[in-house]
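S.K.: I am attaching a structure below and will ask some questions about it afterwards.
The values are calculated or read from the model by the stated rules, or taken from the named source; none is laboratory data. As the structure is a prediction and not an experimental result, all values here were calculated from the model. Using ideal geometry, Cβ is built from the backbone for each residue, glycine included, and neighbour counts are taken over all protein chains shown. To get the accessible areas, we keep the full protein, side chains included, count just its heavy atoms, and leave off ligands, DNA and RNA. Shrake-Rupley method; radii C 1.70, N 1.55, O 1.52, S 1.80 Å.
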Amino acid sequence: MTATTTTEPAAATPPDRLAILNRLVARPEVGALLGAVVVFVFFTIVTTKFLKPLGISTWLDDASTLGIMAVAVALLMIGGEFDLSTGVMTASTALITGLLAVHAGWNIWLGLAVSLLFALTVGALNGWVVMRTGLPSFIVTLGTFLALQGLNLGVTRWATGTVQVSGVRSAGGYQSAGWVFASTTKIGNATIQASVVWWIVVTVIAAIVLVRTRFGNWIFAVGGALPTARAVGVPATRTKILLFMTTAFAGWIVGACNLLRFAGVQANQGVGLEFQYIIAAVIGGCLLTGGFGSVVGAAIGALIFGMARQGIVLAGWNSDWFMLFLGVLLFSAVLVNNAFKKRAERVRR
Amino acid sequence: MSANPRSWRWPHRPDRARSPLARSAFRPRLLRLSPWLAAAVVLAACSGPGADVTGTTQAPAAVGTLKSVAVVTHGSPGDAFWNVVKNGAESAGKDLGVRVEYNSSGDPTQQAKLIDNAVAQGVDGLVVSMANPDALKPSVEKAVAAGIPVVTINSGEAESVQFGALGHVGQSERMAGESAGKRLAAAGKHKMLCVIHEAGNVGANDRCAGATQGFGTATTLQVDINNPTDVQSRIKGALEADRSLDAVLTLNSQIAARAVDAVKESGSQATVATFDLNSDVVSAIRAGTLLFAVDQQQYEQGYLPVVMLKLYKSNLNSVGGGHPVQTGPAFVDKSNVEAIAALVGQGTR
């Protein structure tokens, strides 16, 4: 590529401001942030309720569970892997907790502990199989996805005779567990769900881990150039297994939030959501090829999703066109991202 | 032309060391503390799961005009059955001069958020189908507490009053299944196959359970409605495997057409009956390859609630006297199929 395109703005802007601008533009989440602002402004203008406390709590709520998963999925994608079992995992963990609490009469906290153990085991297994066999994680986790889907339905129907677990409200420990995973906070007139808080906390922790710790470096390393990373002594296998365990852990959090808030879970819940998580991460600037991306971006990607999904309803549009709008939105977000990334490449050279 | 992608993706370290975050020594500490700060903020003003709902009693009624109604169902977009419900609600809106907005999601957690959204919009009336009552409980109660009259439709008749709804319009799935089973038994059938087309659908489960009770005994077969080839071949396989099967009950009109074909291909003598209508079902009944269809007249489930809400808002009337208003089961067979054929074509039956 020739240098002619870059010389023009350089002449117009003072060099110092350009440096800041360039650095900003090179960040993966900038495209998503821009998209979020556009969507936000758009719905604020188009609808009267979008910016009211009730409206805000609605779209934040929608974005939160998606965001918790998207953040974990982003870490994994930066590490160069995929996880298709994330959507079903949210149902599996909720089903295990629910079955143990309602049908075995356990305390919910015990059930949560067991489902957490299950999630981490499945995550570790995913990672171990991927690293051990060298198969693409797409295939390995597709297997996990199908297996969990079957288990969810099979075990639920076997244990309950129906396809859903309900009645969690009467289980022991519901009050305290519900307080942690499904309580609500009043901020002014807005009722904020606990999942929103989880979302923020998970995003902050994941962002710090990714940008400020050695483990964060390892994630970029194994995703960007695995052989090189290995050559300089990055424990690649451990890193990737931990990443798969992270997505499973996020699935556990969302499963717990859903179970305790809705006091039940359906065996087919979560199927297909894994693509939404990946889409949110991609909108947020993660590359499908790994090695590049941002946790904050993924959280913003989820926010865009939530704002668009609920904004369309608040605008009172015919829901028939919803998917079309979502598709156009996602496509434009990715295009914007791409444009920024191209610019980022140029800046860094 | 363009740069090698690896060249900017890797190495990452120098770039991140220059990032704005690294420049201040205070920032990282603040960042590290932020999860705890967030937690502290939440602890300060937090209430238990669903605690924002003060009571389930209907807010004191005042006569007014019904201007807008939100219909939130659990049907997936594009489902033929729910399209009729939507048509019913929309024509009631047109007839009564009420703005009707229809939204739906098959995922109970999403559906709950759509209800919250309708409350945020401040609609005058709410129509909700409760396939998963537990999950929708907080949202429905929140609507009731906000003074929005709620009518439940289709499923959730047992919980309707309990959640503070004005009334329920629907068909008891178990009862409808039972009468379908009895009708097949009365036709002189001895062995029934009940086809469940959607894993995890509670209503489908209830229909089969009811049919089994009414018929005496039955085997169930699980198929995937999204894959018609799979549906047909599995039913065919089941009929070939067990030649003594002489009745096939499907729970969905699309599946009925596949079952009719499967019976033909396998050379079985089985009689097919189904729930729900579409044009394929109508022509199969005409041709005599389908014995009957259980019709729950879901157009009424869209139309009647709007009327009920209108009557309540303008005249403080209630319908049903605390009992669910039954829209079915009505039976369509060779004797009355001609009369309703045109209505099926226009999307109102």
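S.K.: Accessible area lost on pairing A with B, both sides, 1.4 Å probe, Å² to nearest 100? Write down the numbers at each step before the final one.
M.R.: On the way: alone 16750 and 17590 Å², together 28590 Å².
Summing both chains' loss of accessible area gives about 5800 Å².
S.K.: Can I ask one more? Give me the one-decimal nm value for the distance between modelled label points at B:SER314 and B:ALA339, 7 Å along each residue's Cα-to-Cβ direction.
M.R.: 3.0 nm
S.K.: So what are the ³J(HN,Hα) numbers for region A:90-105, from phi and the Karplus equation (6.51, -1.76, 1.60; θ = phi - 60°), rounded to whole Hz, Gly and Pro as x?
M.R.: So the Karplus estimates, Gly and Pro as x, are 4, 7, 4, 5, 5, 5, 4, 4, x, 4, 5, 6, 8, 8, 9, x Hz.
S.K.: Less than 12 Å Cβ to Cβ from B:ASN226, Lys/Arg counted +1 and Asp/Glu -1: what total charge do the surrounding residues give? Working shown, then result.
M.R.: Working: positive: none; negative: B:ASP79, B:GLU198, B:ASP224, B:ASP230.
Within the 12 Å Cβ shell, the charges total -4.
S.K.: With only Lys, Arg, Asp and Glu charged, each at its Cβ (+1 for the first two, -1 for the last two), find how big the charge dipole of region B:173-295 is about the Cα centre; round to the nearest 20 debye. Write down the numbers at each step before the final one.
M.R.: On the way: 12 positive and 14 negative charges, 78 e Å.
Magnitude of the dipole: close to 380 debye.
S.K.: Considering just Cα atoms, how many Å³ per residue does the convex hull of the protein assembly as shown enclose? Present the calculation step by step, with values, prior to reporting the outcome.
M.R.: Details: hull volume 126.7 nm³, N = 698.
In the protein assembly as shown, the Cα convex hull volume per residue is 181 Å³.
S.K.: What does a probe at B:ASP95 reach in region B:155-173, counting residues whose amide N is under 17 Å from the point 7 Å along Cα→Cβ?
M.R.: Under 17 Å, as judged by backbone N against the label point of B:ASP95, lie B:169-170 of region B:155-173.
S.K.: Here is a follow-up. Taking every pair of alpha-carbon atoms in region B:281-327, give the share separated by more than 11 Å as a whole percent. Could the numbers behind the result be given before it?
M.R.: Details: 798 of 1081 pairs.
That fraction is 74 percent.
S.K.: Follow-up. Based on Cβ point charges of +1 for Lys and Arg and -1 for Asp and Glu, what charge dipole magnitude is obtained for chain A about its Cα centre, in debye rounded to the nearest 20? Could the numbers behind the result be given before it?
M.R.: Values: 22 positive and 10 negative charges, 127 e Å.
With Lys and Arg at +1 and Asp and Glu at -1, about 600 debye.
S.K.: Continuing with this model, one more query. What ranking of A:GLU29, B:GLU157, B:GLU240 comes out by heavy-atom accessible area, probe 1.4 Å, highest first? Each step should come with its number before you reach the end.
M.R.: Numbers: A:GLU29 30, B:GLU157 65, B:GLU240 85 Å².
The most accessible residue leads, giving B:GLU240, B:GLU157, A:GLU29.
S.K.: Something else about it: Apply the Karplus curve 6.51 cos²θ - 1.76 cosθ + 1.60, θ = phi - 60°, to the phi angles in region B:97-103 and return the couplings in whole Hz, x for Gly and Pro.
M.R.: Result, rounded to whole Hz: x, 10, 7, 10, 10, 10, 9.
S.K.: Specify which residue in the list A:THR239, A:THR97, A:ALA119 is farthest towards the positive end of the charge dipole of region A:46-317, using unit charges on the beta carbon of Lys, Arg (+1) and Asp, Glu (-1), about the Cα centre.
M.R.: Final value for the positive-end residue is A:THR239.
S.K.: Which order do B:THR271, A:THR239 take by accessible area at a 1.4 Å probe, largest first? List each step's numbers first, then the result.
M.R.: Details: B:THR271 25, A:THR239 0 Å².
From most exposed to least exposed: B:THR271, A:THR239.
S.K.: Spelling out what I want: for every residue of region A:120-131, take phi, set θ = phi - 60°, compute 6.51 cos²θ - 1.76 cosθ + 1.60 (Karplus), and round to whole Hz; glycine and proline get x.
M.R.: Per-residue couplings from phi come out as 5, 5, 4, x, 4, 5, 3, x, 5, 5, 4, 6 Hz.
S.K.: Okay, next question. Sorting A:GLU274, B:GLU338 by accessible area (1.4 Å probe), largest first, what list results?
M.R.: Values: A:GLU274 5, B:GLU338 115 Å².
Sorted descending by solvent-accessible area, the residues read B:GLU338, A:GLU274.
S.K.: I've got another one for you. Please work out the FRET efficiency for the pair A:ALA19 and B:ALA287, using the Cβ-Cβ distance as r and a Förster radius of 60 Å; give the result to the nearest 0.05.
M.R.: On the way: r = 77 Å, r/R0 = 1.28.
With R0 = 60 Å, the Cβ-Cβ based efficiency is 0.20.
S.K.: With runs of 4+ DSSP H residues as the only contributors, calculate the mean residue ellipticity of the protein assembly as shown at 222 nm using -39,500 (n - 2.57) per run, divided by the residue total and rounded to the nearest 500.
M.R.: Values: 30 runs with 429 residues, N = 698.
Result for the protein assembly as shown, helices only: -20000 deg cm²/dmol.
S.K.: To the nearest 10 square angstrom, how much accessible area does B:ASP134 have with a 1.4 angstrom probe?
M.R.: Approximately 40 Å² of B:ASP134 is accessible to the 1.4 Å probe.
S.K.: Using a Förster distance of 25 Å, how high is the FRET efficiency between B:ALA187 and B:LYS264, based on the Cβ-Cβ distance and rounded to 0.05? Write out the running numbers ahead of the final one.
M.R.: Working: r = 19 Å, r/R0 = 0.75.
E(calc), rounded to 0.05, equals 0.85.
S.K.: Please give the residues of region A:272-301, grouped as numeric ranges, whose backbone N is less than 20 Å from a label point set 7 Å along the Cα-to-Cβ vector of A:LEU146.
M.R.: In region A:272-301, the label zone of A:LEU146 (backbone N under 20 Å from the point 7 Å along Cα→Cβ) covers A:272-275.
S.K.: Here's another thing I want to ask about it. For a Förster distance of 51 Å, can you work out the FRET efficiency between the beta-carbons of B:ASN226 and B:ALA62, rounded to the nearest 0.05?
M.R.: Details: r = 47 Å, r/R0 = 0.92.
Efficiency at R0 = 51 Å is approximately 0.60.
S.K.: How much of A:LYS186 can a 1.4 Å solvent probe reach, expressed as accessible area in Å² and rounded to 10?
M.R.: Spelled out: A:LYS186, probe radius 1.4 Å, area about 110 Å².
S.K.: Can you give me the C-alpha center-to-center distance between region B:203-261 and region A:131-168, rounded to a whole angstrom?
M.R.: Taking the Cα centre of each part, region B:203-261 and region A:131-168 sit 24 Å apart.
S.K.: Amide H to amide H, which residues 5 or more places from B:CYS194 or on other chains are under 5 Å from it, using H placed in the peptide plane?
M.R.: HN-HN under 5 Å from B:CYS194: B:THR219, B:THR220, B:LEU221, B:LEU249.
S.K.: Roughly how far apart, in whole Å, are the Cα centres of region A:263-334 and region B:283-349?
M.R.: That distance is 37 Å.
S.K.: Now a separate question. Label points 7 Å out from Cα along the Cβ direction at A:LEU110 and A:TRP179: separation in nm?
M.R.: Reported label-point gap for A:LEU110 and A:TRP179 is 2.1 nm.
S.K.: When all protein chains stay in place, what accessible area (Å², nearest 10, 1.4 Å probe) is found for B:LEU245?
M.R.: Surface open to solvent at B:LEU245 totals about 10 Å².
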